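Okay, structure first, notes after.
The values are calculated or read from the model by the stated rules, or taken from the named source; none is laboratory data. Fair warning: this is a prediction, and the values are worked out from it, not measured in the lab. Note that each Cβ is placed from the backbone with ideal geometry, even for glycine, and that neighbours are counted across all protein chains shown.
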Amino acid sequence: MGFSLRRVQRVARWLAVALTLAVPLALWIGGAQPFAVGLVPAPWDKLAHMAVYAVLSCAIGFASGRRGVSAMVIGFTGALLVGALDEASQMRLPGRSADIDDLVADAVGAALGTTVLAVRIRLREWVASHTAQ
């Protein structure tokens, strides 16, 4: 069982799938708990939103198994959908409220994560073009 790039990529994809499932579950289950009210104070909550949704968009895009623009679109759209569902679910929770500013922070985070995906894609293309020579 030696080191191989294919094995590393397979493990990374499974980790991305795990994150793609774990993050929304943590948001919806953990966010419904009483301790979640005011867990991260303003304005730091917006930074937390951006960080979580950047990771989520990268994970979704990578887990999709797609390449190029389609991975980026899937990652961004998936993260934004999770953000919208999360904000909608907060409308029915005591002490929580849906906030357009949170959704904007989610979208900014998803865009940052999509940018990371784009850099990864360009880097992979560059490496492939320089190793083929």
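Things to note:
- Check on residue 65, free of Cβ contacts under 8 Å to residues at least 60 places away in the same chain, exposed (fewer than 14 other Cβ atoms within 10 Å of the Cβ) and under 30 Å from residue 121 (Cα atoms): yes
- Qualifying positions in region 81-118 - loosely packed, with under 10 Cβ neighbours inside 10 Å and either basic (Lys, Arg) or within 19 Å of residue 12 (Cα to Cα) (or both): 92
- Criterion (under 22 Å from residue 19 (Cα atoms), among the β-branched types (Val, Ile, Thr) and at pLDDT 95 or above) met by exactly one of 69, 119, 82: 82
- Members of region 1-53 found to be of a type in the set (Lys, Arg) and farther than 21 Å from residue 84 by Cβ, listed by number: 6, 7, 10, 13
- Annotation note: Cβ proximity below 6 Å between a residue of region 76-103 that is touching a residue at least 24 places away in the same chain (Cβ under 8 Å) and under 21 Å from residue 116 (Cβ atoms) and a residue that is crowded, with 19+ Cβ neighbours inside 10 Å and among the polar types (S, T, N, Q) (sequence gap 6+ or interchain) occurs for 76/57; 76/114; 79/57.
- Condition check for residue 25: among the aliphatic types (A, V, I, L, M) and either at pLDDT below 95 or more than 16 Å from residue 113 (Cα to Cα) (or both): yes
- Residue within region 38-52 that is in contact with a Ser or Thr (Cβ under 6 Å, 6 or more places away or on another chain) and modelled with pLDDT of 85 or more present: no
- Restricted to region 85-133, and to residues there that are in contact with a Lys or Arg (Cβ under 9 Å, 6 or more places away or on another chain) and among the hydrophobic types (A, V, I, L, M, F, W, C), the residue that is nearest to residue 70 (Cα to Cα) is 121.
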